[in-house]
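K.L.:
One structure follows; several queries about it will come next.
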């Protein structure tokens, strides 16, 4: 039996884990990261090509920004499918940090990813997100992006940095606060 197997999950362990997680979010916020700093970071790879199942940051200028209640200028997206002049993706910024990390963990479990490599990617679909109760939060994250409204190259996040990318406070919602967007996403996830 490994040391990890011997650890008992007690209320104290859960509380300590939550405190640690909250501290990590606060530490990331203090870095004053901006989308531009992320795109300039040498640990990310800029590309003009999008591959479904990989994770990307990019700048976006929504076509219907005048009528949308809110939208994200700097999405963090797992592309799901390509369509004529557009792509559908799972924008993780639409979830608060804890549910975002929980969803990533569920996506990794579904795909049986035990470790990371450069070739590792998540094979997900809208149908999968609808059919699995554990993936219900993903439903609030499905967004369509038009190719002619992209405002930057794609910044590919290597799989070993996916957890870190989820924690970066770089979402840029226009039209509503992140708290409002996250509250709406909770409601949408419960309805499904």
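K.L.:
Given the conditions (1) surrounded by 17 or more Cβ atoms within 10 Å (Cβ to Cβ); (2) in contact with a strand residue (DSSP E or B) (Cβ under 9 Å, 6 or more places away or on another chain); (3) at pLDDT 60 or above, which single one is not true for residue 95?
P.N.:
(2)
K.L.:
Please determine whether any residue of the range 156-166 is surrounded by 13 or more Cβ atoms within 10 Å (Cβ to Cβ), farther than 17 Å from residue 108 by Cβ, in contact with a strand residue (DSSP E or B) (Cβ under 8 Å, 6 or more places away or on another chain) and modelled with pLDDT of 90 or more.
P.N.:
no
K.L.:
Let me ask another. Scan (1) farther than 18 Å from residue 151 by Cβ; (2) out of contact with any strand residue (DSSP E or B) (no Cβ under 8 Å at 6 or more places or on another chain); (3) modelled with pLDDT of 60 or more for the single condition residue 54 breaks and write down its number.
P.N.:
(2)
K.L.:
How many residues, within the range 48-69, are assigned to a loop (DSSP other than H, G, I, E, B) and either under 17 Å from the mean Cα position of the chain (by Cα) or on the phi > 0 side of the Ramachandran plot (or both)? Before you say what the answer is, go through the steps one by one.
P.N.:
Of the range 48-69, the ones assigned to a loop (DSSP other than H, G, I, E, B) are 48-54, 58-59, 61-69.
Narrowing further to those that are either under 17 Å from the mean Cα position of the chain (by Cα) or on the phi > 0 side of the Ramachandran plot (or both): 50-54, 58-59.
Selection size over the range 48-69: 7.
K.L.:
With out of contact with any strand residue (DSSP E or B) (no Cβ under 7 Å at 6 or more places or on another chain), assigned to a loop (DSSP other than H, G, I, E, B) and at pLDDT 75 or above as the only criterion, which of 152, 117 stands out?
P.N.:
152
The values are calculated or read from the model by the stated rules, or taken from the named source; none is laboratory data. As the structure is a prediction and not an experimental result, all values here were calculated from the model. We place every Cβ from the backbone using ideal geometry, glycine too, and count neighbours over all the protein chains shown.
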